[in-house]
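Read the structure below first, then the notes.
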Amino acid sequence: MIIWGWGKVTKKIIGAVFERTCSHCNSSEIWNLCIVRTWFTLFFIPIIPYRKKYCIACPRCGSYMELTEEEFEQIKIDITSGDDNINKDHASDRMKYGGKTETQINYLKQMEEYKNK
Ligand SMILES: [Zn+2]
């Protein structure tokens, strides 16, 4: 017998957004940006997400406000860029030049700059 369903809902939290007073539980909390997916399940295992909602949610009571995809992308950029840009640059350099020494990396960067001129 195949057991399937449509109802499984998962919430993926992307990050904290801003403080907001919740109209449900009346508390001021930092709300979370999240993606809510509704899944098609087979034997209780989520297989295909068939509905996707973007929202910001109250961390206390879980009530949420739906966003459009554009709003979501904008907020996501705002919270994932931000003040640790330098570290991010560094991390992406490390990915790109994985396993190389600082000197080699500097050399490669100079070569790239040279090529771009
Ligand atoms: Zn709330």
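Before moving on, here are some points about what is shown:
- Matching residues, the stretch 4-32, being among the β-branched types (V, I, T) and within 24 Å of D78 (Cα to Cα): T10, I13, I14, V17, T21, I30
- Residue that is farthest from the chain's Cα centre (by Cα) [pool: residues in the stretch 1-20 that are exposed (fewer than 12 other Cβ atoms within 10 Å of the Cβ) and within 16 Å of the ligand (Cβ to nearest atom)]: E19
- Top-ranked residue in the stretch 21-49 [being of a type in the set (S, T, Y) and out of contact with any Ser or Thr (no Cβ under 6 Å at 6 or more places or on another chain); ranked as farthest from the ligand (Cβ to nearest atom)]: T41
Since every read-out is calculated from the coordinates, none of them should be taken as a lab result. The structure presented is a predicted model; accordingly, all values stated were derived computationally and were not measured. Please note: Cβ atoms are built from the backbone with ideal geometry, for glycine as well, and neighbour counts cover all protein chains shown.
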